[in-house]
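Peer 1: Take a look at this one; I'll ask things after.
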Amino acid sequence: MMDDLERELGRFEDLKHEDDFSDDNSTRGSKRTKPRRMHAETPRETGFHQSTRICLEHIREALLHHRWQEAAEYMACYPQKLEDTATSQSEQYTELVWRLSTEILHQHPNSKLDDYNSIYERMKHSGIRHYLMICLEHSFHLLLNGHIENAKNQLSAAESWRYGKESGHVRQQQIVKLIQAYRSLLDYMIWCDKRFTHFDTDPSSISNADMHNYFRQASVNLKEILRNPGVWDPFILSYVEMLDFYEDYEEALNVLKNYAYDNTFPPNPNAHVYLYQYLKRHEAPERKLIKVLKILQVLVPSHELMLEYSSLLLQSERKKDTQKALEVVLEMLAFACWKSNLDAWKRLKDIIEKLQLEKNWKDVVSDKMAERKNWWPALHFTSFHFRTDSEENPELVEVKASLTKILCPDLTMKYSAGQESA
């Protein structure tokens with residue numbers, strides 16, 4: 001917003017300098033031949049432009065110094081710029097007035113909802129290009145103040161808005177899809193409210209049918225979201241919750257699978273988390289859970305669910321799964337958030353103990369540590385780590401000390417009481 005304000009003031013300065021240059025040239029005599037104009041002449045700054053420029057300068061200074069009352073007083077005058085017929089940049093001024101006005105209201109201690117409504121309604125009718133975005137922002141503000149039905153009405157009106165060729169622009173069509181999605185999210189919120197206030201007390205009441213009506217309204221657009229690549233976490237979760245409530249488990253699972261595995265969507269770790277949580281909640285086989293977490297591990301090897309992933313792998317009877325569990329935990333411990341985590345080190349110890357039941361366990365550990373042995377000791381097994389762990393978590397010291405020679409048998413570790421002064 002401040003960049004737009006500075007840009008606008010810079011344009012006013014250009015006009016002012018143009019006036020000064022013209023006045024200087026007029027005093028140098030009339031015999032000089034006028035140069036041929038190679039482009040349209042910049043319009044001179046009129047008294048109206050000068051007053052709006054000065055007003056905008058005062059607004060800027062008030063904003064920079066957080067003088068919100070002063071900014072509001074000047075802002076009451078600046079919207080007259082929208083009535084300027086001498087410029088072709090009316091849409092730019094509309095956005096500038098919109099952004100400035102709402103920012104001042106956000107910061108002003110005495111602003112009221114009516115003030116916001118007044119600004120938003122005026123801005124909607126001052127520039128068609130920003131109409132949809134203003135409606136969307138207006139609905140957000142109403143929602144934050146608890147006016148869910150009013151917010152939904154704003155979105156419904158915006159959804160049906162049409163204005164000639166402007167409505168057919170790709171940008172406007174994308175905003176309409178976003179508006180439809182948020183309108184469906186509000187239907188979900190109303191559905192939740194009816195669910196908790198009516199359904200639990202009287203499942204057979206008319207409110208049950210009313211609930212289903214909101215579910216159908218929300219489902220129409222929430223289902224369409226998966227056809228538009230993007231990150232739609234809250235919308236997907238809302239849709240899945242409603243499908244789950246009506247026991248349409250197959251459709252809910254399909255929605256989550258499509259959201260996680262559709263290659264046209266950007267990589268989204270949350271999509272795999274939601275799928276895993278849903279499968280776990282419905283007691284899916286462990287192989288399916290492992291399959292989901294395997295992809296999540298590639299995307300976020302430090303994710304908190306990696307501890308569950310390693311546990312599932314450790315419970316498996318397949319040797320490759322135990323080796324994979326070792327790899328997963330070693331990857332986790334390379335991140336600062338896991339370095340001092342007792343559960344992670346205990347899991348590593350459990351994995352090592354299970355591997356030791358195999359004849360080639362040393363080769364397996366050596367293979368996994370081959371690319372880590374040059375930096376692993378400095379990351380975990382220095383005298384500094386020993387002192388810190390001894391003070392903060394003595395149990396962690398015991399677990400780590402038991403693994404030093406197993407993980408790095410060819411290196412001399414300083415992670416022991418005898419090496420504390422090293």
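The values are calculated or read from the model by the stated rules, or taken from the named source; none is laboratory data. Quick caveat: nothing in here was measured; it's all calculated off a predicted structure. Cβ coordinates were reconstructed from backbone atoms using ideal geometry, including for glycine residues, and neighbour counts include every protein chain displayed. These area figures cover heavy atoms from the full protein model, side chains too; ligands, DNA and RNA do not enter into them. Shrake-Rupley method; radii C 1.70, N 1.55, O 1.52, S 1.80 Å.
Peer 1: Restricting attention to segment 267-277, which residues are open to solvent by less than 60 Å² (accessible area, probe 1.4 Å) and within 15 Å of the chain's Cα centre (by Cα)?
Peer 2: Initially, segment 267-277 is screened for residues open to solvent by less than 60 Å² (accessible area, probe 1.4 Å), giving 268-269, 271-276.
Hits for segment 267-277 are N268, P269, A271.
Peer 1: For the list (1) surrounded by fewer than 13 Cβ atoms within 10 Å (Cβ to Cβ); (2) among the aliphatic types (A, V, I, L, M); (3) modelled with pLDDT under 85, I need the number of the one condition that I128 fails.
Peer 2: (1)
Peer 1: Continuing with this model, one more query. Give me the pairs, please: first residue somewhere in segment 55-74 and open to solvent by less than 50 Å² (accessible area, probe 1.4 Å), second residue anywhere and in a helix (DSSP H, G or I) and β-branched (V, I, T), beta-carbon distance under 9 Å, and either six or more positions apart or on two chains.
Peer 2: Sorted first by the residue in segment 55-74, then by its partner, the pairs are I59/I104; A62/I104; L63/I104; W68/I104; A71/I59; A71/I104; A72/I104.
Peer 1: Within segment 222-264, track down each residue that is open to solvent by 30 Å² or more (accessible area, probe 1.4 Å), in a loop (DSSP other than H, G, I, E, B) and over 20 Å from M211 (Cα atoms). Lay out the reasoning, then the answer.
Peer 2: We begin by selecting, within segment 222-264, every residue open to solvent by 30 Å² or more (accessible area, probe 1.4 Å); these are 223-224, 226-229, 231-232, 234, 237, 241, 244-251, 253-254, 257-258, 261-264.
With in a loop (DSSP other than H, G, I, E, B) added as a condition, the list becomes 228-229, 231-232, 246-248, 262-264.
Matches in segment 222-264: N228, P229, V231, W232, D262, N263, T264.
Peer 1: Another one. Mind listing just one residue for me: the one in segment 307-354 that is part of a loop (DSSP other than H, G, I, E, B) and open to solvent by 60 Å² or more (accessible area, probe 1.4 Å) and, of those, nearest to F381 (Cα to Cα)?
Peer 2: Within segment 307-354, the first condition is being part of a loop (DSSP other than H, G, I, E, B), and the residues that meet it are 316-318, 333-341.
Still in the running and open to solvent by 60 Å² or more (accessible area, probe 1.4 Å): 317-318, 335-337, 340.
Details: E317: 32, R318: 31, F335: 15, A336: 14, C337: 16, S340: 11 Å.
Filtering first and then ranking leaves S340.
Peer 1: Now a separate question. May I ask you to list the residues in segment 357-407 that are in a helix (DSSP H, G or I), of a type in the set (D, E, K, R), open to solvent by 20 Å² or more (accessible area, probe 1.4 Å) and farther than 19 Å from L314 by Cα?
Peer 2: Result: R387, E391, E392, E395, E398, K405.
Peer 1: Tally up the residues in segment 100-125 that are at pLDDT below 90 and among the basic types (K, R), please.
Peer 2: Final tally of qualifying residues: 2.
Peer 1: Would you point out which residue out of L342, L326, L313 is touching a Ser or Thr at 6+ places or on another chain (Cβ under 8 Å) and at pLDDT 95 or above? Please lay out each step first, then the result.
Peer 2: Details: L342 fails: touching a Ser or Thr at 6+ places or on another chain (Cβ under 8 Å); L326 fails: touching a Ser or Thr at 6+ places or on another chain (Cβ under 8 Å).
Step by step, each of L342, L326, L313 is checked, and only L313 is touching a Ser or Thr at 6+ places or on another chain (Cβ under 8 Å) and at pLDDT 95 or above.
Peer 1: Hey, another quick one. If we scan segment 158-177, do we find a residue that is in a helix (DSSP H, G or I), acidic (D, E), at pLDDT 90 or above and over 21 Å from R216 (Cβ atoms)?
Peer 2: No: zero hits.
Peer 1: So which residues in segment 138-157 are assigned to a helix (DSSP H, G or I) and open to solvent by 40 Å² or more (accessible area, probe 1.4 Å)? Spell out the reasoning first.
Peer 2: Filtering segment 138-157 for residues assigned to a helix (DSSP H, G or I) gives 138-144, 148-157.
Those that are assigned to a helix (DSSP H, G or I) and open to solvent by 40 Å² or more (accessible area, probe 1.4 Å): F140, L143, L144, I148, E149, N150, N153, S156, A157.
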